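Here is the structure we will look at.
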Amino acid sequence: TGNDTASTYGMNTNSKNNVTIANCTIRGYSIGILLNLGQNATVSNNTINGSRSISSNGIYCNQCTGSNISSNTVYAFTSNGIPMSNGPNDLRIFNNTIYVDGTTVGIGGASGGTPTRASWVYNNTIIGTTNLTTSGSPIYGLPRWQIYDNNVSIQTTSGPGTALSMGG
């Protein structure tokens, strides 16, 4: 358990390959799990509770390749559930439940780098609690992503939101 401090990580795989993170409960960090510059990680059966007092991301993939992110429950209160940056490739993101709130992205692209290989996003459930605004998106796809069989349930108080955005 973290202390709701910015720039803290529950777990950071920093340039490690073939890492497995499973069956953990992580709460109170600005990033619950950071998959950073690694390959072939497995992240499964974790519960990640974001912070309401600082900007927090659940499972953040920065330039990660060949990883499976499955069967996790992420509470993304102030930022993103499973964001990506710098060209994520060959990812499988499936069977996750993500609760979003405010201007968050449930699963998807953040910044930098276009993927060079496909990734798959399927069988996820994204539930929008109150105040998902028009700048939030449950799934923000990137080029070469295969997105199918996801369940999105949004309850908005501030106008229409977007269920799926495709970045480029």
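The values are calculated or read from the model by the stated rules, or taken from the named source; none is laboratory data. What you see is a predicted model; the values in this text were computed from it and never measured. Cβ: placed from backbone, ideal geometry, glycine included. Neighbour counts: every protein chain shown. Side chains are part of the model used for accessible areas, which takes the heavy atoms of the whole protein and leaves out ligands, DNA and RNA. Shrake-Rupley method; radii C 1.70, N 1.55, O 1.52, S 1.80 Å.
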Taking a label point 7 Å from the Cα of residue 42 along Cα-to-Cβ, the residues of the range 76-101 whose backbone nitrogen sits under 17 Å from it are 91-96
Rank these by accessible area, largest first, 1.4 Å probe: 152, 100. 152, 100
